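Comments concern the structure below.
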């Protein structure tokens, strides 16, 4: 198993647009450019989709997941993350990645550095990789609390 340290930010150009790596680049492009349409294209449009992350808790189905991204994209905070230190585990009809995200939240001239453990699962649907599950968590409880306050006022 090879751990990839080269970060994915979404700005990368991937020659094989049908690859697992391209699906990841598309996700981070959608996130870092606050592009809800591209984000929707990255996720499986199904009740089978699920997400468990520091901002939204456990969400099931694209409509619930979408609301988490809307809160991030439409809020006053600017969030940037990149994926690094990851491994890709592939099979014929699915792949998952396990790694870390680092980045920042900028709000009202304050900057908060982020450190998140992240996994994502994709499934092959109509010959395209679609994200079906995401899990993210933070080890630092104080960082988690500051992140939640910055984005959702919790």
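Any read-out appearing in this document is the output of simple, stated calculations on the displayed coordinates, not a laboratory observation. All values derive from a computational prediction rather than experimental measurement. Please note: Cβ atoms are built from the backbone with ideal geometry, for glycine as well, and neighbour counts cover all protein chains shown.
What is the calculated FRET efficiency for residue 71 to residue 100, with r their C-beta to C-beta distance and R₀ = 22 Å, to the nearest 0.05? Don't skip to the end; give the middle numbers.
Numbers: r = 23 Å, r/R0 = 1.03.
Computed FRET efficiency for residue 71 and residue 100: 0.45.
Cut-off 10 angstrom, C-alpha nodes, Gaussian network model of the chain. Which of 72, 14, 132 fluctuates the most?
Result: 14 has the largest fluctuation of those listed.
If I model a spin label at residue 52 and residue 143 as a point 7 Å from the Cα along the Cα→Cβ vector, what separation in nanometres do I get?
Result for the modelled spin labels: 2.0 nm.
Suppose R0 equals 25 Å; then what is the FRET efficiency for residue 63 and residue 33 from their Cβ-Cβ distance, rounded to the nearest 0.05? Walk me through the numbers before you get to the answer.
Numbers: r = 22 Å, r/R0 = 0.87.
Efficiency at R0 = 25 Å is approximately 0.70.
Quick one: helix 62-74 against the long Cα principal axis of the chain, what's the angle to the nearest 10°, folded into 0 to 90?
Roughly 50 degrees, rounded to the nearest 10.
So if R0 is 30 Å, what FRET efficiency would residue 13 and residue 92 give, r being the distance between their Cβ atoms, rounded to the nearest 0.05?
Details: r = 26 Å, r/R0 = 0.86.
Given R0 = 30 Å and the Cβ-Cβ separation, E is 0.70.
What do you get for the angle between helix 141-152 and the principal long axis of the chain? Use alpha-carbon atoms, 0 to 90 degrees, nearest ten.
So the inclination is approximately 90 degrees.
Could you give the length gained on full extension between residue 135 and residue 115, defined as 0.36 nm per residue of separation minus the Cα-Cα distance, in nm? All intermediate terms of the calculation are to be shown ahead of the outcome.
On the way: separation 20, 0.36 × 20 = 7.20 nm, distance 1.35 nm.
Result: 5.8 nm gained on full extension.
Among 16, 126, 35, rank each residue by its count of other Cβ atoms within 10 Å, from fewest to most, as a rough exposure measure.
Numbers: 16 8, 126 5, 35 17.
Lowest to highest Cβ neighbour count: 126, 16, 35.
Angle between the Cα long axis of helix 20-32 and the longest principal axis of the chain, 0 to 90 degrees, nearest 10?
Helix 20-32 sits roughly 20 degrees off the main axis of the chain.
What is the fewest-to-most order of 127, 93, 59 by other Cβ atoms lying within 10 Å of their Cβ? Before the final figure, lay out the partial values.
Details: 127 6, 93 10, 59 19.
Going from sparsest to densest Cβ surroundings: 127, 93, 59.
Please compute the length gained on full extension between residue 78 and residue 45, using 0.36 nm multiplied by the number of residues separating them and subtracting their Cα-Cα distance. All intermediate terms of the calculation are to be shown ahead of the outcome.
Numbers: separation 33, 0.36 × 33 = 11.88 nm, distance 2.59 nm.
Additional length available on full extension: 9.3 nm.
Using helices alone, what [θ] at 222 nm do you get for the chain, with -39,500 (n - 2.57) per DSSP H run of 4 or more residues, divided over all residues and rounded to the nearest 500? Intermediate results must be reported in sequence, preceding the final value.
Details: 4 runs with 45 residues, N = 154.
-9000 deg cm²/dmol, from helical runs alone.
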